[in-house]
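The values are calculated or read from the model by the stated rules, or taken from the named source; none is laboratory data. Computed from a predicted model, the values in this text were never measured in an experiment. Virtual Cβ from ideal backbone geometry, glycine too; neighbours counted across all protein chains shown. Note: accessible area is taken over every heavy atom of the protein model, side chains too, but ligands, DNA and RNA are not part of it. Shrake-Rupley method; radii C 1.70, N 1.55, O 1.52, S 1.80 Å.
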Amino acid sequence: MKLENVIATTENCRYCLMCRHVCPIGHVTKLETLTPHGWGLTIASVRRGLLAWDEHTVDVLYSCADCGTCRAHCATDQPLPSAIATARAEVAAAGLAPAAARQVGERLARWGNPHQQRAPTPAAGAGEVALFVGDDARYLDPEGLEAALTLLGAVGLAPVLVGDGRNNGYLASSLGYPETAAALQTATLDEVRAVGARRVLVLSAGDRYALGQLRDERLGLAWPEGVTLEEVTAVLAAALDEDRLRLRPAPPGPPAAYVDPTHSPRVTDRYDAPRRLLRAALPGPLVELFWRRERAHPVGNTALLFTQPHLADHLAWARLGDARQRGAQRLVTEDAGTVAQLRRHAGRFGLQIQGLYPLLAESLA
């Protein structure tokens with residue numbers, strides 16, 4: 001995102017309240033400063049010399065979840081999240097980023113992930129279908145990864161694993177380290193080309209956003225020509241519709257709800273596929289949460305998890321509270337980071353968290 005575009009975006013957003021009602025941080029903090037127009041006004045005020053980047057303003061800047069909900073509800077498609085990420089890059093380049101952001105940036109640059117001191121596993125073999133694993137699936141929910149591979153095998157796909165243990169680039173971009181984000185994505189794209197893949201499958205909406213829109217808009221990296229990018233849920237839903245995937249309905253259980261994972265509002269054609277799969281595996285109607293589909297709030301598994309953990313906790317509590325208020329007793333989602341974050345806090349709400357892929361694998365006919 002070029003500097004002049006950042007200025008234009010914040011100028012347009014600083015006094016606009018169009019998306020304020022859907023901002024998850026605004027909802028949990030009730031602070032006007034921590035809403036989209038508040039971030040726009042802060043950045044624009046620094047540009048004007050009315051504010052300076054200090055401990056307080058940097059804290060404000062790094063309190064945005066970078067979830068994309070504001071842009072999803074903007075009639076003029078203002079890329080405010082990218083503007084905020086670019087402002088963070090300026091702050092980081094000046095050595096003013098929060099200590100937690102610097103530490104995560106260093107881990108991403110050295111290890112390719114923030115979870116373990118372990119380098120990504122190089123891609124091995126060749127094939128027309130590749131599965132981007134990422135770091136969350138490898139380290140936070142390996143059960144979900146193995147179940148996804150089982151399900152893909154059931155529909156005749158044996159993908160080559162790429163990006164195994166490597167972050168998708170979103171976290172580094174969101175924290176203000178675009179060079180690190182570009183390096184991470186370039187390594188993954190090189191693997192895609194090396195294995196000869198024509199289709200790249202991803203396990204979550206967040207991976208699809210990062211390797212799709214973010215790669216193009218924020219990093220300016222070229223996608224391999226002639227290669228498609230698809231979510232595993234869409235592949236499985238198509239197989240279900242064509243009777244190539246057969247699921248046995250599970251015995252009746254407590255009311256369940258599907259949780260649209262973090263970044264879902266950024267990928268607006270993905271809402272129906274996971275719900276079709278879940279309905280095939282669970283009898284009875286699904287409970288629909290209030291914060292769903294295009295207005296789905298993140299659960300805290302964004303950069304906030306590292307830089308503002310108290311805000312990440314409140315986002316998780318808000319999603320769990322929404323589920324409890326709607327009468328759900330168990331929540332199902334496929335994104336590894338969303339599963340892990342909800343599981344950290346589900347006990348205090350008396351809710352059960354299930355991964356979609358293991359649930360479907362157990363229902364294979």
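Ordering 262, 320, 296 by Cα displacement along the dipole of the chain toward the positive end leaves 320 in first place; charges were set at the Cβ atoms of Lys, Arg (+1) and Asp, Glu (-1).
The charge dipole of the chain, taken about its Cα centre with unit charges on the Cβ atoms of Lys, Arg (+1), Asp and Glu (-1) only, comes to about 700 debye.
In terms of overall dimensions, the C-alpha atoms belonging to the range 120-215 reach 40, 27, 23 Å along their principal axes, ordered largest to smallest.
Considering only 95, 33, 144, the residue lying farthest towards the positive end of the dipole of the chain is 33, judged by Cα position with unit charges set on Cβ. Stick to Cα atoms and the Kirkwood definition of Rh, then tell me Rg/Rh for the chain. Ratio value, two decimals: 0.96. Binning all Cα-Cα separations of the range 82-157 at 10 Å, short to long from zero, yields these whole-percent fractions: 15, 33, 27, 18, 6, 0. Charge dipole of the range 129-202 (Cα centre as origin; +1 on each Lys and Arg Cβ, -1 on each Asp and Glu Cβ, all else neutral): 320 debye, rounded to the nearest 20. Considering only 220, 165, 337, the mean-square fluctuation computed in a Gaussian network model of the chain, springs between alpha carbons under 10 angstrom, is largest for 220. Computed about the Cα centre, the dipole magnitude for the range 1-151 is approximately 380 debye when only Lys and Arg (+1) and Asp and Glu (-1) carry charge, each at its Cβ. Return one number: the angle in degrees, 0 to 90 and rounded to the nearest 10, between the long axis of the Cα atoms of helix 142-154 and the longest principal axis of the Cα atoms of the chain. The two axes meet at around 50 degrees. For the chain, the cysteines with no partner cysteine C-beta closer than 4.7 Å are 13, 16, 23, 64, 67, 74.
Near residue 187: Cβ cut-off under 14 Å, other residues only, Lys/Arg at +1 and Asp/Glu at -1. The net charge is -1.
In the chain, the calculated helix contribution to ellipticity at 222 nm averages -14000 deg cm²/dmol per residue, counting -39,500 (n - 2.57) for every DSSP H run with n ≥ 4.
Between the alpha-carbon centres of the range 304-365 and the range 246-263 there is a gap of 12 Å. Taking all Cα pairs closer than 8 Å and separated by 6 or more residues, the relative contact order of the chain comes to 17 percent.
Each part reduced to its alpha carbon centroid, the range 285-301 and the range 57-103 end up 23 Å apart. Relative to the longest principal axis of the C-alpha atoms of the chain, give the angle of the C-alpha long axis of helix 178-195, reported between 0 and 90° and rounded to the nearest 10°. Roughly 30 degrees between the two axes. Charged neighbours of residue 117, selected by a Cβ distance under 10 Å, balance to +3 (K, R count +1; D, E count -1). Taking every protein chain into account, the accessible area of the chain amounts to 40 square angstrom per residue (probe 1.4 Å). Element breakdown for the chain at a 1.4 angstrom probe: carbon and sulfur atoms account for 52% of the accessible area.
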